[in-house]
Every structure is written in structure tokens, then in C-alpha cells.
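Enquirer: Please see the structure below; I have some questions.
Derivation of every value follows stated rules applied to the coordinates shown; laboratory data play no part. A quick note: this is a predicted structure, and the numbers were derived from the prediction, not measured. In this analysis, Cβ positions are derived from the backbone assuming ideal geometry, glycine residues included, and neighbour counts consider all displayed protein chains.
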Amino acid sequence: MKAIDLVALGREVLKDEIEGLRSLEPMISSPEWARAVELCLGSRGRILVSGVGKSGLVAQRIAASLRSTGTPSVFLHPTDAVHGDLGLVDPADVGLFLSKSGETPELMQLAPLFHRISVPFVAIVGEARSQLGLVADVALTLGPLREAGPLRSVPTTSALVFQAVGDLLVTSLYASRGFGEGDLAFLHPGGLIGQNVTRRVSDAMRAGARVPRVAPDASLRAAIVEIIEKKLGMTTVVDAGGVLVGILTDGDLRRAMHRHDRVDGLRVEEVMTRDPRTIEAEAFLATAVERMENNQRGPITCLVVADAQRRPVGVLHLHDCLRLVSGAAPAASPAAAPTVR
């Protein structure tokens, strides 16, 4: 067995594949890319994805990803198509052909048949002047791709790049259609995806007496005790009517220590964060995690769960989201506790 430097080989493969992905940037800013997305969006039928060999395997995955995100799609093997399966092609459909060379004989045989049925198709090819690129309604040209690894004829970079173009198309279509978490949950009622995307904030939040509460005029000492006892690293701040007016976090306390020589006489309202981010109990858990990660002032680990009157009904911690996904749901919450003053 030949001794090789696995680290050096791995770096070379990654370098070639990363360069292949970077080569897509001009494509996605081209008029052809916009036309390809518009053509697929305008389909009144299905997206028929076709390819041969490794491109065919990638085409099958693209078709599956399109279906799972709300775009009707099937994989059409070009050989089967010219031997009877052409009957499933409808004028309302749009084709998506994958060919690195742009000269794949099976696809070249299929192309005029699509035109005869008046079915437009997008061709993803490596060469702009290839036969398939020239006859396609829209041609997405990837340019020369350097296959990774010692055997340059083995599809590596090209397969990865084709899949990336498929991912770009999938995300462009579902984003353009406003396909959201609720739609994803409907299409994935079973399995891990179905379990996770259908989880609600109410499934993971701390509620009742586990929700830390202090009044705006409470002392910092009282707030610190509440934060320590409830073990969330924060406390909600509510007025006499129970309406949320702010939160006090560990970060707020550290900033108060930095700004003031003495903090023993400070009240919560003097150092709290006003107008905190909130979420509804029936929102999807995935939405809550996204809101925590993409908070405007930086990622946060907690969200206050509020009702329509902006009264806290719970607190959602990022760790509880992770526990729920792993199968360990937080314990049931006891009755609500009074506000600390």
C-alpha cells in the first residue's frame, strides 16, 4: 500500500472544492440566474430534474429537496424518458438538466423532445458553448471546474458544485414563495424533522413559579437573589399590572458594576434593559432559536414569552431548546410565584 500524506491530500481536496464553490458567485449575479429562478417559479406543473451518472444522483437529491420545500418535482431518468416515461411530461412542467460536459448524449436526445412538447428547460453545464447549453431555454454556465484529488476524471468538485446550485435554486424558490416553518412541518409530519419543526415555545419554556419576576423599584440585591434562585441568568421586570417593562440580565449587572462606584442603592429600573425581545407561546421553537441567534444587539440565550397584553407567561432558555430536541423535556412548572419587590 502506498504511503500518502493524508493531511496534505485533505487540504488539497478542500482547496479545490472551495474554489469550485467560489466560482458560483458570478453565476448567481448573472441575468441567467434570475431567469432560471423565474422560469421555475412560473411552472404550473413540476420541476423535472434529469442527469446521468453522478449528475443523475445529484439530480435525484435536488428533486427530493424541491419536493420537501413545497415545489412539486420528480427525477426523470433520460434513458427511461426516451423509452416510455416521456408520457409523464406535461406542458405545464419545467425541466432542469445537469451535465458537466454539456454534451451528455442521453440529455441531448431528450432536449428536442422537451421542445416538441413545449416544455422549457434550464441546463446547468460546465461549458458555455456546449450543445446542451446552446439549445436550453436558460443555460447556467459553471465554467471550468478542477476535480479534487489525484484522479482528475473522478467527479468530486463538479458533483459538489452541482449540488450547491441545486441548494441555491431550492432556497430561492421556497423563499420567493414565502414557504415557512409551518409549511415545512406539514410536509414533514414524521421523523426527526417533523418532531423538531412542530415543537412550540410552550413545549420548552419555564412557566409559573419558575419565571423570575421583580418590580421596577426593587433593589438590585433583591433582583440578584431572584436571578440566582431561578437559575436563568436573568429576571423579568413587571409593573403593578404584571406587564413586562424590561429585563435584568447578568450583563446588565456587570455593566452597572462598571458604571457605578456603588450599586447597593440602585433600583432595578435604573439598570434594566427596556423593551426586551419577546415571543409568543405558540410560536415555533425554531423561530425562537433563530430570534435568539439573530438578535440585533448580538446573540442572546433567553426570550421572554409574553401574551397579547405583554404579560410574561414564561421564559425560554436556549439550553431548554437543546434539551427538548435531544428528548429531555424540562420538568412541569409549578404555580406562578409573586413578583419580588
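Enquirer: How much net charge surrounds residue 229 when only the other residues with a Cβ under 12 Å from the Cβ of residue 229 are counted, with Lys and Arg +1 and Asp and Glu -1?
Expert: +3
Enquirer: Through the Karplus equation 6.51 cos²θ - 1.76 cosθ + 1.60, θ set to phi - 60°, convert the phi angles of the stretch 274-282 into ³J(HN,Hα) values in whole Hz; use x for Gly and Pro.
Expert: Coupling constants for the stretch 274-282: 8, 6, x, 5, 10, 8, 8, 5, 8 Hz.
Enquirer: Of 24, 233, 260, which is farthest along the charge dipole of the chain in the positive direction, counting Lys and Arg as +1 and Asp and Glu as -1 at C-beta?
Expert: Comparing the listed Cα positions along the dipole, 260 ranks first.
Enquirer: Would you indicate which of (1) 25, 28, 20, 24, 2; (2) 29, 51, 19, 1; (3) 25, 36, 29, 10, 0 is the value of P(r) over Cα pairs in 20 Å bins from 0, in percent derived from the coordinates of this structure?
Expert: The value computed from this structure is option (3).
Enquirer: With both partners inside the chain, how many of the DSSP beta bridges are antiparallel, as a percent to the nearest 5?
Expert: On the way: 15 of 36 bridges.
Approximately 40 percent, going by the DSSP bridge assignments.
Enquirer: Note down the net charge around residue 131, summing +1 for each Lys or Arg and -1 for each Asp or Glu among other residues with Cβ under 15 Å from its Cβ.
Expert: -2
Enquirer: May I ask you to derive the relative contact order of the stretch 6-179, considering only C-alpha pairs under 8 Å and at least 6 residues apart, and to give it as an integer percent?
Expert: 26 percent
Enquirer: How many nm is it between the label spots at residue 264 and residue 4, if each spot is 7 Å from the Cα in line with the beta carbon?
Expert: Label-label distance for residue 264 and residue 4, simple model: 7.0 nm.
Enquirer: Which Cα, out of 214, 111, 41, lies furthest along the positive dipole direction of the chain (beta carbon charges, K/R +1, D/E -1)?
Expert: Most positive-ward Cα: 214.
Enquirer: Remind me, relative contact order of the chain in percent, using alpha carbon pairs under 8 angstrom and six or more residues apart?
Expert: RCO, the chain: 15 percent.
Enquirer: Over the Cα atoms of the stretch 6-179, what radius of gyration and what Dmax do you get, in Å?
Expert: Taking only Cα atoms of the stretch 6-179, I get Rg and Dmax of 15.8, 52 Å.
Enquirer: So what's the stretch 201-326 giving for Rg/Rh, alpha carbon basis, Kirkwood Rh from the mean inverse pair distance?
Expert: 0.96
Enquirer: If you take every DSSP beta bridge fully contained in the stretch 201-326, what fraction is antiparallel? Give it as a percent rounded to 5.
Expert: Among the beta bridges of the stretch 201-326, antiparallel pairing accounts for roughly 80 percent.
Enquirer: Can you give me the distance in nm between label points at residue 60 and residue 307, each placed 7 Å from the Cα along the Cα-to-Cβ direction?
Expert: Modelled inter-label distance: 5.3 nm.
Enquirer: Calculate how steeply helix 220-230 sits against the longest principal axis of the alpha-carbon atoms of the chain, using the helix alpha-carbon long axis, and give the answer as 0 to 90 degrees to the nearest 10.
Expert: So the inclination is approximately 50 degrees.
Enquirer: So how do 59-69, 287-297, 95-105 stack up, highest first, on mean other-Cβ count within 10 Å?
Expert: Highest mean packing first, the order is 95-105, 59-69, 287-297.
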